[in-house]
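The values are calculated or read from the model by the stated rules, or taken from the named source; none is laboratory data. Keep in mind that what you see is a predicted model, and the values were worked out from it rather than measured. Note: ideal-geometry Cβ built from the backbone for every residue, glycine included; neighbour counts use all protein chains shown. Note: areas computed on protein heavy atoms with side chains; ligands, DNA, RNA excluded. Shrake-Rupley method; radii C 1.70, N 1.55, O 1.52, S 1.80 Å.
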Amino acid sequence: MARIAKASIEAVVAAADMVEIVGLHTQLKKAGRNFSGLCPFHQEKTPSFSVDPVEKLYYCFGCGEGGDVLSFVQKKENLDFSGAVEYLGERYGIALEYEETSARGAAERRRRERLRALLEQACSYYERVLWQGRAAGATAARDYLQVRGLTEQTARAFRLGYSRGGWQHLRDGALQKGYTEQELSDAGLAVAGKRGSVYDRFRGRLMFPLADERGRVLGFGARALGDEKPKYLNSPETPLYHKSEALFGLDKAKPAAGSQDRVYVVEGYTDVLALVQAGVTNVVASMGTALTEQQVQRLARLTRNVYLCFDADAAGLGAMGRALVLARRLGVTMHVVRVPEGLDPADLMLAGHSGDEFRELAENAQTLLQFQVRSVLSSHDLAKPDQRTRAFTLLRGVLAEAADPLERDDEVRYVADRLSLSEESVRYLLSTAGASAGGRPAAQSERQSPAAAAAASAGERLLTGVHELEVRFLAACLAVPVKGRAFLATIDESFFASPPTRAAFGQVSARLKPADAGENQQTGASAQERPEGESEVFSEVVIRSQRESFDDRVAEELFLRLQEAKVSRLVNKLKIAVRTDETGTCEAQLVELEAMRRKLRESIRLIPVEE
């Protein structure tokens, strides 16, 4: 795979505006030389998230997330290192250079770039046909939008277009621009005919571009305006477009979804357009009712609060049941927004309702678990024993998917009331029925998700005294550079207990080198890959050096404690080794180290206490 040239990475980092990038996900306020705000990585009410706009670093004192501008983009946009560099390069107009590692990799990268360019030009072509074309089909498409209550401004914002009714309009234009029939097929824009030549896949249809989080066109959804079948035709699977990941309007919904900490999921394109036109901008369409795991993962990168607005038909109910499983597995909280029966969000807006009225419906939304429980109970005649038994069987499966034990308890009480049973009886039936059916007990914990495991790991690091000592020592070295430079010159990475703090030691040492001692590698931005946790720890060190009060006395005490911690680790190892050492060497070393530790502790005790 092609590696991005170091010079390009450095140019991207230099051009990136850290406050602007972070500000897409949380509101920041000036706080001294830095900016602060609510953490975009965990829910909190009091700001504990700090951003250094000069160093382009961030750190949360609540959850321990930290890093530089590239790691922030990687985490929030779910990109790898190269993807984050490309994202920022595109945003700030930096042309990237690549160091190709193989001819095949270079060819594949160029191929994908040409497919992206072809899709972009196709989208622009469809737009021109819709708004400038005089053909009857384009007029009919504009009339359809008007009937649906959608303005030209809204349609243009989402880059809607129209594909002409002929067989080779797009094909001929693309070939004239130097694209090949194979590229047209690979982009999902053309279909091979019986005679070998290709023809346009989309003909006589209203075109909806399907873009990724960065707004890059990956494919199209196309709606017939007459009786043609199928009514909706989407791009096929291509090297760029994957139906299981597609969410219409995702790039437009990102800012509002992050700032409002919720996203609405509707079924169709026009539902999104109508709501956005009414001022509800944090909305996407699943283009069908069955949410996939990949779609929920993409939504979870924006917010953990997802509001579903699907039809309450059999397909919609089934989709919500599957969504409940995904919500538990991926740690997402889901609600169900109920619009008046027989209407979808687009119909609701067309009928004269406002965006504020839709938001009011959302504020009264049931959680997905509540909706599922009430749907099961309302669809059975609970006065009949067989219906009660059938309902309870379904409820057992629903309640087993509850992620929140408190909410599950509430629903158990609700079920007990509706079935005229005691709460204890319902719990007994749930536990025994689950066991007899071969399922796991309701209380059995699930394996942690990667996000939960990462959060737990960050918490463990924060609670570990050794980690705290090492980070504070390095922060003190930056805050008191004369002392810090002298201290660092006498130690090596063996004084640090974990790979992330050892890496931070190297970065701090490099930063404090005199200007003529070599190039400063303070950000490590040119690395294509970095060890897990390295960026977070260095960011924590830098930001703590600015926020906490350090002086020569504090720095000296931390240096002594760092030495004591290393000696204590060696003492503990020798105490184990001495049990099997028959030469007496380990015992002699142990005596020497314990004497050294006593001396260090005495030196710490003699440091004057600040009054």
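Among all residue pairs at least 6 apart or on different chains, which show Cβ distances below 6 Å where the first residue, located in region 382-397, is over 13 Å from LEU430 (Cα atoms) and the second is open to solvent by less than 40 Å² (accessible area, probe 1.4 Å)?
GLN387/HIS380; ARG388/LEU382
Can you give me the number of residues within region 120-139 that are surrounded by 15 or more Cβ atoms within 10 Å (Cβ to Cβ), out of contact with any Gly (no Cβ under 6 Å at 6 or more places or on another chain) and hydroxyl-bearing (Ser, Thr, Tyr)?
1
Looking at (1) touching a helix residue (DSSP H, G or I) at 6+ places or on another chain (Cβ under 9 Å); (2) part of a loop (DSSP other than H, G, I, E, B); (3) exposed (fewer than 15 other Cβ atoms within 10 Å of the Cβ), which is the only condition LEU96 fails?
Result: LEU96 fails condition (3) only.
Report the residue count in region 167-177 for those that are small (Gly, Ala, Ser) and either touching an Asp or Glu at 6+ places or on another chain (Cβ under 7 Å) or surrounded by 15 or more Cβ atoms within 10 Å (Cβ to Cβ) (or both).
To start, the set of residues in region 167-177 that are small (Gly, Ala, Ser) comprises 173-174.
Filter once more, keeping what is either touching an Asp or Glu at 6+ places or on another chain (Cβ under 7 Å) or surrounded by 15 or more Cβ atoms within 10 Å (Cβ to Cβ) (or both): 174.
Within region 167-177, residues that are small (Gly, Ala, Ser) and either touching an Asp or Glu at 6+ places or on another chain (Cβ under 7 Å) or surrounded by 15 or more Cβ atoms within 10 Å (Cβ to Cβ) (or both) number 1.
Among the residues of region 565-590 satisfying the criterion of being under 26 Å from PHE487 (Cα atoms) and open to solvent by 30 Å² or more (accessible area, probe 1.4 Å), which is farthest from the chain's Cα centre (by Cα)?
Residues of region 565-590 that are under 26 Å from PHE487 (Cα atoms), as a first pass: 565-573, 589-590.
Checking which are open to solvent by 30 Å² or more (accessible area, probe 1.4 Å) leaves us with 566, 569-570, 572-573, 589.
Details: LYS566: 38, ARG569: 39, LEU570: 42, ASN572: 42, LYS573: 42, GLN589: 51 Å.
This residue is GLN589.
Scan region 199-218 residue by residue and report those that are more than 35 Å from the chain's Cα centre (by Cα) and either in contact (Cβ under 8 Å) with a residue 60 or more places away in the chain or buried (at least 22 other Cβ atoms within 10 Å of the Cβ) (or both). Please lay out each step first, then the result.
Initial filter on region 199-218 (more than 35 Å from the chain's Cα centre (by Cα)): 199-200, 203-204.
The answer is ASP200, GLY204.
Can you run down the residue pairs with Cβ atoms below 8 Å, 6 or more apart or on separate chains, where the first is in region 262-286 and under 14 Å from TYR232 (Cβ atoms) and touching a residue at least 24 places away in the same chain (Cβ under 8 Å) and the partner is surrounded by fewer than 24 Cβ atoms within 10 Å (Cβ to Cβ) and among the β-branched types (Val, Ile, Thr)?
GLU267/THR289
A quick yes/no check of all residues on (1) over 30 Å from ALA95 (Cβ atoms); (2) of a type in the set (Ser, Thr, Tyr); (3) assigned to a helix (DSSP H, G or I):
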site	(1), (2), (3)
ILE9	no, no, yes
VAL13	no, no, yes
LYS30	yes, no, no
PHE35	no, no, no
CYS39	yes, no, no
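Among the listed residues TYR87, TYR92, TYR126, identify the single one that is out of contact with any strand residue (DSSP E or B) (no Cβ under 8 Å at 6 or more places or on another chain), under 26 Å from VAL272 (Cα atoms) and of a type in the set (Ser, Thr, Tyr).
Working: TYR92 fails: under 26 Å from VAL272 (Cα atoms); TYR126 fails: out of contact with any strand residue (DSSP E or B) (no Cβ under 8 Å at 6 or more places or on another chain).
It is TYR87.
Is it the case that PHE538 is of a type in the set (A, V, I, L, M, F, W, C), at pLDDT 80 or above and in a helix (DSSP H, G or I)?
Details: of a type in the set (A, V, I, L, M, F, W, C): yes; at pLDDT 80 or above: yes; in a helix (DSSP H, G or I): yes.
Yes; evaluated as a whole, the condition is true for this residue.
Quick check on region 120-139: of everything there that is at pLDDT 95 or above and of a type in the set (D, E, K, R), which residue is farthest from ALA351 (Cα to Cα)?
GLU120
Just to verify a result, which residue in region 219-239, among those that are under 28 Å from the mean Cα position of the chain (by Cα) and open to solvent by 30 Å² or more (accessible area, probe 1.4 Å), is nearest to LEU273 (Cα to Cα)? Step through it out loud before you land on a result.
Start the filter on region 219-239 by keeping residues that are under 28 Å from the mean Cα position of the chain (by Cα), which leaves 219-221, 234-239.
Then keep just the ones that are open to solvent by 30 Å² or more (accessible area, probe 1.4 Å); that gives 234, 236-237, 239.
Working: ASN234: 18, PRO236: 23, GLU237: 25, PRO239: 28 Å.
For region 219-239, the residue satisfying everything is ASN234.
Out of the residues in region 64-92 meeting the condition of being among the small types (Gly, Ala, Ser) and free of Cβ contacts under 8 Å to residues at least 60 places away in the same chain, tell me which one is surrounded by the most Cβ atoms within 10 Å (Cβ to Cβ).
Here is the first cut: in region 64-92, the residues among the small types (Gly, Ala, Ser) are 64, 66-67, 71, 82-84, 89.
Checking the rest, the ones that are also free of Cβ contacts under 8 Å to residues at least 60 places away in the same chain come to 83-84.
Values: GLY83: 14, ALA84: 24.
Among those that are among the small types (Gly, Ala, Ser) and free of Cβ contacts under 8 Å to residues at least 60 places away in the same chain, it is ALA84.
Would you point out the residue of region 555-603, among those that are touching a residue at least 40 places away in the same chain (Cβ under 8 Å), basic (Lys, Arg) and in contact with a helix residue (DSSP H, G or I) (Cβ under 7 Å, 6 or more places away or on another chain), that is farthest from VAL471 (Cα to Cα)? Even if it seems obvious, please write down each step before you answer.
At the first step, the residues of region 555-603 found to be touching a residue at least 40 places away in the same chain (Cβ under 8 Å) are 555-566, 569, 600, 603.
If we keep only those that are basic (Lys, Arg) as well, we get 561, 566, 569.
Filter once more, keeping what is in contact with a helix residue (DSSP H, G or I) (Cβ under 7 Å, 6 or more places away or on another chain): 561, 566.
Values: ARG561: 12, LYS566: 15 Å.
Among those residues, the one meeting the criterion is LYS566.
Quick check on region 40-63. Is at least one of its residues modelled with pLDDT of 90 or more, under 16 Å from the mean Cα position of the chain (by Cα) and open to solvent by less than 10 Å² (accessible area, probe 1.4 Å)?
no
On the given criteria, is SER8 closer than 20 Å to LEU302 by Cα and either modelled with pLDDT of 90 or more or surrounded by fewer than 16 Cβ atoms within 10 Å (Cβ to Cβ) (or both)? Break it down stepwise before answering.
Working: closer than 20 Å to LEU302 by Cα: no; either modelled with pLDDT of 90 or more or surrounded by fewer than 16 Cβ atoms within 10 Å (Cβ to Cβ) (or both): yes.
When the stated conditions are applied, SER8 does not pass them.
Kindly indicate whether any position in region 129-140 is under 23 Å from ARG214 (Cα atoms) and without any contact (Cβ under 8 Å) to a residue 60 or more places away in the chain.
Pass one, region 129-140, residues under 23 Å from ARG214 (Cα atoms): none.
Within region 129-140, none of the residues are under 23 Å from ARG214 (Cα atoms) and without any contact (Cβ under 8 Å) to a residue 60 or more places away in the chain.
Report, by residue number, each residue of region 43-85 that is of a type in the set (A, V, I, L, M) and not in a strand (DSSP E or B). Working first, answer last.
We begin by selecting, within region 43-85, every residue of a type in the set (A, V, I, L, M); these are 51, 54, 57, 69-70, 73, 79, 84-85.
Scanning region 43-85 gives VAL54, VAL69, LEU70, VAL73, LEU79, ALA84, VAL85.
Could you grab the pairs with beta carbons closer than 9 Å, sequence gap of 6+ or different chains, first residue in region 107-118 and closer than 15 Å to GLU86 by Cα, second one open to solvent by 70 Å² or more (accessible area, probe 1.4 Å) and acidic (Asp, Glu)?
That search, which allows pairs on different chains as well, returns ARG109/GLU100.
Modelled with pLDDT under 95 and open to solvent by less than 40 Å² (accessible area, probe 1.4 Å), is that true of GLY161? Explain how you work it out, then say what you get.
Details: modelled with pLDDT under 95: no; open to solvent by less than 40 Å² (accessible area, probe 1.4 Å): yes.
So GLY161 fails the test.
Tell me the residue from GLY288, GLY279, GLY268, GLY249 that is farther than 19 Å from MET207 by Cβ and either open to solvent by less than 40 Å² (accessible area, probe 1.4 Å) or not aromatic (Phe, Trp, Tyr) (or both), please.
Numbers: GLY288 fails: farther than 19 Å from MET207 by Cβ; GLY268 fails: farther than 19 Å from MET207 by Cβ; GLY249 fails: farther than 19 Å from MET207 by Cβ.
Step by step, each of GLY288, GLY279, GLY268, GLY249 is checked, and only GLY279 is farther than 19 Å from MET207 by Cβ and either open to solvent by less than 40 Å² (accessible area, probe 1.4 Å) or not aromatic (Phe, Trp, Tyr) (or both).
Out of (1) modelled with pLDDT under 85; (2) surrounded by 14 or more Cβ atoms within 10 Å (Cβ to Cβ); (3) closer than 30 Å to LEU150 by Cα, the odd one out for GLY342 is which?
So the condition that GLY342 fails would be (2).
Does region 345-354 hold any residues that are in contact (Cβ under 8 Å) with a residue 60 or more places away in the chain and surrounded by fewer than 18 Cβ atoms within 10 Å (Cβ to Cβ), and which are they?
Hits for region 345-354 are LEU350, SER354.
Looking only at residues that are open to solvent by 50 Å² or more (accessible area, probe 1.4 Å) and in a helix (DSSP H, G or I) in region 482-512, which one is nearest to ALA555 (Cα to Cα)?
LYS483
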